[in-house]
Amino acid sequence: MKKKVAIIQSNYIPWKGYFDIINDSDLFVFYDDVQFTKNDWRNRNKIKCEGGTMWLSVPVGQELNRNINEVTIKQGVWERKHFKNMEQYYHKAPYFKIYKEFFAHVYLERKWENLSELNQFLVKTIATDFLGSKTIYDNSENYKPEGKRLERLLDLIKKCGGDVYISGPSAKNYIDEDEFTKCGVDIEFKDYSSYPVYTQFYPPFEHYVSIIDLLFNTGPDAAYYIWGWREDKK
């Protein structure tokens, strides 16, 4: 059996496509020993609200010269604001009460100082406990990858024993597939099209929002709307 590996920066309560890649992988590596990027998915994501969508952003300051795993979270009231916004726009969702205790623990009972730690805790808990994924997790810094950009990525894939690299479709624009072939690594690009819609507040329907929208609206059936539906098409 070929070992499937995905290597992605940790994101804040990411959208369902992120979890689709996780579930397709035998090993998911958080690629957090790389440059933090401003105004990206690392510290923010969108939820549905009246009038469209709104951002939930974790305050991390303006410093850009740091890796993701070095990003500290500015202390304040952001946790309560995020939980309040979830409550405000999803309290009527059919499954909000199922997950309310977990998110109350995350936002009201714990204090987070490191962005990578927060992101990874949320991603792993949601994927494993709420979506039923069996994927194993690791961190890129544990492998001490060498080189720059693509060379570093390929070195990391080989060091963690990957035979197949799972990637999002946008990577087709910049990945040199020939370099993967030379290293004996296959690539599988995810297809994000054709995700089924579900009952969602505040139309029109929006796929590209945080996973919490799917959880609160579909509950135990959430995994079906990410990967389970494909089984019905076989």
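Glu146: net charge of surrounding residues, Cβ under 11 Å, Lys/Arg +1, Asp/Glu -1, itself excluded?
Neighbour charge sum, excluding Glu146 itself: +3.
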The lysines whose Cα lies under 25 Å from the Cα of Lys158, excluding any fewer than 8 residues away in the same chain, are Lys2, Lys3, Lys4, Lys124, Lys134, Lys144, Lys148, Lys172, Lys182, Lys190
Full extension from Asn85 to Ile98: what is 0.36 nm times the residue separation minus their Cα-Cα distance, to one decimal in nm?
-> 3.0 nm
To the nearest 20 debye, what charge dipole does segment 53-177 have about its Cα centre, counting +1 at the Cβ of each Lys and Arg and -1 at the Cβ of each Asp and Glu?
-> 440 debye
What order do you get for 225-232, 4-11, 124-131 when each peptide is scored by the mean count of other beta carbon atoms within 10 Å, highest first?
-> 4-11, 124-131, 225-232
To the nearest 500 deg cm²/dmol, what mean residue ellipticity at 222 nm is calculated for the chain from DSSP H runs of n ≥ 4 alone, each contributing -39,500 (n - 2.57), summed and divided by the residues?
-> -8500 deg cm²/dmol
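Evaluate the charge dipole of the chain about its Cα centre and quote only its size in Debye, nearest 20, assuming +1 on the Cβ of each Lys and Arg and -1 on the Cβ of each Asp and Glu.
520 debye
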Per the charge dipole of segment 159-234 (beta-carbon charges, Lys/Arg positive, Asp/Glu negative, Cα centre), the residue among Ser193, Pro220, Ala171 reaching farthest to the positive end is Pro220
Listed residues Ser25, Ser170 arranged by accessible area, highest first, probe 1.4 Å = Ser170, Ser25
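Provide the per residue accessible area, probe 1.4 Å, for the chain, rounded to a whole number of square angstrom.
I get 51 Å² per residue for this part.
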Given charges at beta-carbon only (K, R positive; D, E negative), |dipole| of segment 106-204 in Debye | 220 debye
Give the cross-link partners of Lys92 among the lysines, using a straight C-alpha distance below 23 Å as the criterion and excluding same-chain residues fewer than 8 apart.
-> Lys16, Lys46, Lys48, Lys81, Lys84, Lys100
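Calculate the FRET efficiency for Cys49 and Phe189 from the Cβ-Cβ distance with a Förster distance of 25 Å, rounded to the nearest 0.05.
Values: r = 32 Å, r/R0 = 1.27.
E between Cys49 and Phe189, to the nearest 0.05, is 0.20.
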Residue (of Phe36, Gln120, Trp15) at the positive-pole extreme of segment 1-141, dipole from beta-carbon charges | Trp15
Rounded to a whole number, what % of the accessible area of segment 13-62 do carbon and sulfur atoms account for, probe 1.4 Å?
-> 43 percent
Output the antiparallel fraction of DSSP beta bridges having both residues in segment 1-139, as a percent to the nearest 5.
-> 50 percent
Residues with beta-carbon under 10 Å from that of Val164, excluding Val164: net charge, scoring Lys, Arg +1 and Asp, Glu -1?
-> -2
Could you work out the relative contact order of the chain, using alpha carbon pairs under 8 angstrom and six or more residues apart, expressed as a whole percent?
-> 30 percent
Val5 neighbourhood, Cβ < 12 Å, K/R = +1, D/E = -1, net charge -1
Can you work out the FRET efficiency for the pair Asp163 and Glu231, with r the C-beta to C-beta distance and R0 = 22 Å, to the nearest 0.05?
-> 0.40
With Rh as the Kirkwood radius over Cα pairs, the chain has Rg/Rh of 0.96
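The values are calculated or read from the model by the stated rules, or taken from the named source; none is laboratory data. For clarity, every value in this text was computed on a predicted model and none was experimentally measured. Quick reminder, even Gly has a Cβ in these numbers, built from the backbone with ideal geometry, and neighbours come from all protein chains shown. Only protein heavy atoms, including side chains, enter the accessible area calculation; ligands, DNA and RNA are left aside. Shrake-Rupley method; radii C 1.70, N 1.55, O 1.52, S 1.80 Å.
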